Amino acid sequence: MSIEKTELRKLMRARKRALDETQKQREADAVFAAVEALDVFRNAQHILLYYSLPDELPTHRIVQRWAQSKTVYLPRVKGDDLEIVPYDDSLSDDNAFHIGEPQGEAVDPACLQMIVVPGVAFDLHGNRMGRGKGFYDRLLATTPRAFKLGVALDCQIVDDIPVEPHDKPMDAILTPSHHWGQTSDKLRGRVSDSEGEHTPPALRATAPNLGEDFASDNPQNQCISNQIES
């Protein structure tokens, strides 16, 4: 029987509290080294990341690094939804959730090619559980062409998450020790620290081919402003 979401969130909080910052950063380094080896990452130019909270897989370093060669976007909360805003190194945490958010103009999320998705927990079927507000589920419903990659600490993987109709599954999930892709019905394999072993075969197989439609120099794929009035 599936554990209820409320109890599962309590369990995840307890597991993450047991980790120190060094361990979390070590796991983040392993996960993002694996991400960077994926063809889907190499071929994507427009990537949505998240600016991590203390209980999430750390991303502050990776946001800065990827911004040197990719067009990186971060989410910004507006009402019940997430806006997508280019990262420009000027973030403000003067918001209800105290998350570092960019201050620029929002763009059309349809231009995103890859979305790196945080979560409270992930299961063996590609399902994700968030914090219960539905922000990411609503965003992912508007970006059907983007590759949706869930990233997490090892302790955030569980056998089964209760799924509701609005919940959006991931195309793939990476933790330091496991990977899962659409063609697999379970987490399998291991992301090794050894040279040349960062790319899980299942993820190679499931990553979409970002060809002409998503070429970085294709004018039809340039992110444009939503011209959202403040």
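Every number in this text was worked out from the coordinates using simple rules, so none of it is lab data. Since the structure is predicted, the reported quantities are computational estimates derived from the model, not experimental observations. Positions of Cβ are backbone-derived with ideal geometry, glycine not excepted, and every protein chain shown enters the neighbour counts.
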Legend entry - Zone of His166's modelled label, taken as backbone nitrogen in the range 1-33 under 16 Å from a point 7 Å along Cα→Cβ: 5-6
Legend entry - Neighbour-limited loop hits for GluC sites (Glu not before Pro), the range 45-134 (at most 12 other Cβ within 10 Å; DSSP other than H, G, I, E, B): none
Legend entry - Residue order, fewest to most surrounding Cβ atoms within 10 angstrom, among Thr175, Thr6, Thr142: Thr6, Thr142, Thr175
Legend entry - Sorted by Cβ neighbour density within 10 Å, fewest at the top, the residues Met170, Met12: Met12, Met170
Legend entry - Least to most buried among His46, His178, His98 (fewest other Cβ within 10 Å first): His98, His178, His46
Inset, instruction - Apply the Karplus parameterisation 6.51 cos²θ - 1.76 cosθ + 1.60, with θ equal to phi minus 60°, to every residue of the range 69-83 and state each ³J(HN,Hα) to the nearest whole Hz, in sequence, with x for glycine and proline. - result: 10, 10, 8, 9, 10, 10, x, 9, 6, 9, x, 9, 10, 9, 8
Legend entry - the range 110-146: trypsin sites (Lys or Arg not before Pro) in DSSP coil with no more than 14 other Cβ atoms inside 10 Å: Arg131, Lys133, Arg145
